[in-house]
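Asks: Could you have a look at this structure, given as structure tokens, before my questions?
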Amino acid sequence: MPEFVLDLVYLASAVLFVFGLKQLGSPVTARRGNALAASAMLLAIVGTLLDRGIVTWEIIATGLVAGTIIGLLLARTVKMTAMPQLVGVFNGFGGGASALVAAAELIRSGPGVDAGAAAGVTAAAGILVGSVSFSGSFIAFGKLQGFVPGRPLTYPLQRTLNLILFLSLLVASGYLVASAEYPIASAMLAGLALLLGILLVLPIGGADMPVVISLLNSYSGLAASAAGFVLGNPLLVLAGALVGAAGLILTRLMCKAMNRSLANVAFGAFGGGETAGALTEEGEKPVRRTSVDEAALLLAYASSVVIVPGYGLAVAQAQHEAKKLVDILRKRGVTVKFAIHPVAGRMPGHMNVLLAEADVPYDLLVDLDDINPEFARTDVVVVVGANDVVNPLAREPSSIIAGMPILDVDRSQNVIVIKRSLSPGFAGIDNPLFYLDRTMMLFSDAADALGGLAREVKEV
Amino acid sequence: MGEWLIGIYVFVLAMLLGFELITRVPPTLHTPLMSGANAISGITLIGALLVAGGEGGGLAAVLGGVAVAMAAINVVGGFLVTDRMLRMFRKD
């Protein structure tokens, strides 16, 4: 195939990627957008395989078959609750691949004649960013999966060590650019960068891992771009940059939803994680307890109900019970909506996926900005497995969660909180919502409570 | 204008395009979007194919082969799992 034909194939593929990404942005077209992006990828792969530059097939065939089978199995079997981990794993492989491509191309052909040092610099960048993305993603995976302790792991002389590592990386990059010892220099740089990825992610708490994965997602895009520079391939540069930008935007959105700066996530070692003990013993302050029967009556005769799901709902696998309750209430003519906080799940939009899995239509899910003005007009709010995101203390300037965007649940007529106990949420602080006169606490497992409510409402 | 400079142009403009495309995406789609974008970053597979199958062989080809496998996991798994998620989204 002549060179210019392949160039045109790459151009077509680039255009399809852009349209695919655009269509991924609307619920109606998203599935088509994903398919479009996948066909762009297939087009580029087939075009490349027909290229005259490829002379041996054994290694390619082995790699393609192995990768396809593994990818297929992972995508088919993963549980929706484990989605953040899986994205982390895929991301790690992508970043690692880019690092290998940059190194291998440098070893194979050396820096291009016209580019010289520039090719060395981009190769160093590709190896560095790709390797960090690889090892960082797997540590993040380990933290989410529980293989690595979720709490922030700090160690003595952390900053000094990071500084030394950073300087070593500069030296190794310089060595790669200046010397012709590409295999050794690449290996050194990759080794140091892998270590950096590990050390950067270990001190970050498990609850912040989605931010990390989103940022590393951006990195692996940039690494692909860098590999594109080394190969002189504009398609890689373009697609990598698109993903780099997407990752950065999602990272910023998440930080905003948690009211934290990226620097605070990266270096804050925030939150004791799950180990934070109960600050308030049950019974110290009076709460209004309620029963399933009483709560069911309240719901059955309400005209509008908003459900606030937290990650606790997903952990208890209670999405299906929630869906049942919603169906029964709607059959009675009650208006039901879900209020979704941006960090309700383990990554942005995760709760939407989990509820979609339970067959809840997406137009019942309302975002923070749109639902907040509605709470004052809502008869009953049911909070399930959520805590910090409905904590009115966020409005107090002195609180540690001050300024965090919250759902204004306390402004509604009645609140039912389904929770196992009064233990504090991730931020480790008490929640005044639980002690309001119009708040009723239903101490129970989320699935049991929602299942019970569904049964009782049906019999009213 | 050198090839490298054109590359920089493509990179900068594609970043801006990416910002434009993603900023207006509703939060409902953020998880599939991240997963789909992630699959697109597997484009490095193209590079891996060229290095693994190119002339010269040896160490570069072996590294390229490992890269092919890793990138293929990213691409195949990424697009499939994104589709699995999006298939579940339905309107009332």
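The values are calculated or read from the model by the stated rules, or taken from the named source; none is laboratory data. Everything quoted here is computed from the prediction, not taken from an experiment. Cβ: placed from backbone, ideal geometry, glycine included. Neighbour counts: every protein chain shown. Remember, those area values only see protein heavy atoms, side chains included, never the ligands or the DNA or RNA. Shrake-Rupley method; radii C 1.70, N 1.55, O 1.52, S 1.80 Å.
Asks: Which value, in Å to one decimal place, does the Kirkwood hydrodynamic radius take for the range A:88-194 when every pair of different Cα atoms is included?
Replies: 14.7 Å
Asks: While we're here: Sort the following peptides by mean Cβ neighbour count (other Cβ atoms within 10 Å, averaged over residues), highest first: A:401-409, A:155-163.
Replies: Result, highest mean Cβ count within 10 Å first: A:401-409, A:155-163.
Asks: Can I ask one more? Once you sort the root eigenvalues of the Cα gyration tensor of chain A as a ≥ b ≥ c, which label holds: rounded (a/c under 1.5), prolate (a/b larger than b/c) or oblate (the other case)? Working shown, then result.
Replies: On the way: a/c = 2.87, a/b = 1.81, b/c = 1.58.
Note, shape of chain A comes out prolate.
Asks: Working from the alpha-carbon coordinates of the range A:56-267, get Rg over Rh, Rh being the Kirkwood radius.
Replies: 0.98
Asks: List the trypsin sites (Lys or Arg not before Pro) in the range A:50-147 that DSSP assigns to loop (not H, G, I, E or B) and whose Cβ has at most 14 other Cβ atoms within 10 Å. Which are they?
Replies: A:Arg52, A:Lys79
Asks: How high is the relative contact order of the range A:292-459? Use alpha-carbon pairs under 8 Å, at least six apart in sequence, and give a whole percent.
Replies: With pairs under 8 Å counted, the relative contact order is 30 percent.
Asks: If you don't mind, another one. Which whole-Hz couplings ³J(HN,Hα) result when phi for each residue of the range A:403-410 is put into the Karplus expression 6.51 cos²θ - 1.76 cosθ + 1.60, θ = phi - 60°, listed in order with x for Gly and Pro?
Replies: Running phi through 6.51 cos²θ - 1.76 cosθ + 1.60 with θ = phi - 60° gives x, 5, x, 10, 7, 7, 4, 5 Hz.
Asks: Hey, what do the phi angles of the range B:4-15 turn into as Karplus ³J(HN,Hα) couplings, whole Hz, using 6.51/-1.76/1.60 and θ = phi - 60°, x for Gly and Pro?
Replies: So the Karplus estimates, Gly and Pro as x, are 5, 5, 4, x, 4, 4, 4, 4, 5, 5, 5, 4 Hz.
Asks: On the protein heavy atoms, probe 1.4 angstrom, tell me the percent of accessible surface of chain A carried by carbon and sulfur.
Replies: 63 percent
Asks: Looking only at GluC sites (Glu not before Pro) in DSSP loops with at most 16 other Cβ atoms within 10 Å, what is the longest site-free stretch of chain A? Numbers along the way, then the final one.
Replies: Numbers: sites that count: A:Glu181, A:Glu281, A:Glu282, A:Glu284.
For GluC sites (Glu not before Pro) (loop position, at most 16 other Cβ atoms within 10 Å), the longest site-free span of chain A is A:1-180.
Asks: Straight-line reach from A:Lys285: which aspartates and glutamates have a Cα under 15 Å away, not including same-chain ones fewer than 8 places off?
Replies: A:Asp430, A:Asp437
Asks: Still on this structure: Quote the FRET efficiency, to the nearest 0.05, computed for A:Val460 versus B:Arg24 with a Förster distance R0 of 45 Å and r equal to the Cβ-Cβ distance.
Replies: So the FRET efficiency works out to roughly 0.55.
Asks: Ignoring everything except DSSP H segments at least 4 long, calculate the 222 nm mean residue ellipticity for the protein assembly as shown; use -39,500 (n - 2.57) per segment, divide by total residues, nearest 500.
Replies: Per the formula, -20000 deg cm²/dmol.
Asks: Moving on. Counting only other chains, what is the mean number of Cβ atoms within 10 angstrom of the Cβ of each residue in peptide A:313-325?
Replies: Going residue by residue through A:313-325 and averaging, the value is 0.
Asks: Sort B:33-43, A:124-134 by the packing proxy (mean of other Cβ within 10 Å over each peptide's residues), most packed first.
Replies: Listed from highest to lowest mean packing, they are B:33-43, A:124-134.
Asks: Moving on to the next point. With every protein chain kept in place and ligands, DNA and RNA left out, what is the accessible area per residue of the protein assembly as shown? Probe 1.4 Å, answer in Å².
Replies: Using a 1.4 Å probe on heavy atoms only, each residue of the protein assembly as shown averages 40 Å².
Asks: Which whole-number percent is the relative contact order of chain A (Cα, under 8 Å, 6+ apart)?
Replies: Normalised by residue count, the contact order of chain A is 14 percent.
Asks: If you place +1 on the Cβ of every Lys and Arg and -1 on the Cβ of every Asp and Glu, how big does the dipole about the Cα centre of the protein assembly as shown come out, in debye to the nearest 20?
Replies: My answer is approximately 560 debye.
Asks: Please give the FRET efficiency for A:Leu157 paired with A:Ser261, using the beta carbon to beta carbon distance and R0 = 25 Å, rounded to the nearest 0.05.
Replies: 0.55
Asks: From the convex hull of the Cα coordinates of the range A:292-459, what is the mean projected area in square nanometres? Write down the numbers at each step before the final one.
Replies: Details: hull surface 34.4 nm².
For the range A:292-459, the mean projected area of the Cα convex hull comes to 8.6 nm².
Asks: I'd like the orientation of helix A:58-77 relative to chain A: the angle between its Cα long axis and the longest Cα principal axis, in ° from 0 to 90, rounded to 10.
Replies: Between the helix axis and the principal axis of chain A, the angle is about 0 degrees.
Asks: While we're here: Just in the range B:1-87: which GluC sites (Glu not before Pro) are loop by DSSP and have at most 15 other Cβ atoms within 10 Å?
Replies: B:Glu55
Asks: Let me ask something else. Take every residue in peptide B:4-13, count the Cβ atoms of other chains within 10 Å of its Cβ, and give the average of those counts. Write down the numbers at each step before the final one.
Replies: On the way: counts 10, 1, 3, 12, 3, 2, 11, 11, 2, 2.
If you average over the peptide's residues, the count of other-chain Cβ atoms is 6.
Asks: Which residues' amide hydrogens lie under 5 Å from the amide hydrogen of A:Val308, considering only partners 5 or more residues apart or on another chain, with H built in the peptide plane?
Replies: Amide H neighbours of A:Val308: A:Ala339, A:Val382, A:Val383, A:Val384.
Asks: Further, regarding this structure: How do A:342-352, A:415-425 rank on mean C-beta neighbours within 10 Å, highest first?
Replies: A:342-352, A:415-425
Asks: Which of the lysines could be linked to A:Lys458 by a straight reach, that is with a Cα gap under 29 Å, when you skip same-chain ones fewer than 8 residues away?
Replies: By straight Cα distance, A:Lys458 reaches A:Lys323, A:Lys324, A:Lys331, A:Lys337, A:Lys419, B:Lys91.
Asks: Sticking with this structure for a sec: Got the relative contact order for the range A:56-267 handy, in percent, Cα pairs under 8 Å and 6 or more residues apart?
Replies: This gives 26 percent for the range A:56-267.
Asks: Right, another one. For the range B:28-88, which whole percent of the accessible surface, found with a 1.4 angstrom probe, sits on carbon and sulfur atoms?
Replies: 66 percent
Asks: Chains B and A: what accessible area do they bury, summed, in square angstrom to the nearest 100, with a 1.4 Å probe?
Replies: In total, this chain pair buries about 8200 Å².
Asks: What's the average, rounded to a whole number, of partner chain beta-carbon atoms within 10 Å of each residue's beta-carbon in A:346-352? Don't jump to the answer; show the numbers that get you there.
Replies: Numbers: counts 1, 4, 7, 12, 3, 3, 10.
The mean count of partner-chain Cβ atoms within 10 Å per residue comes to 6.
Asks: Can you give the Kirkwood hydrodynamic radius of the range B:28-88 from its Cα pairs, in Å with one decimal?
Replies: Taking the inverse mean of 1/r over all distinct Cα pairs, the range B:28-88 comes out at 12.3 Å.
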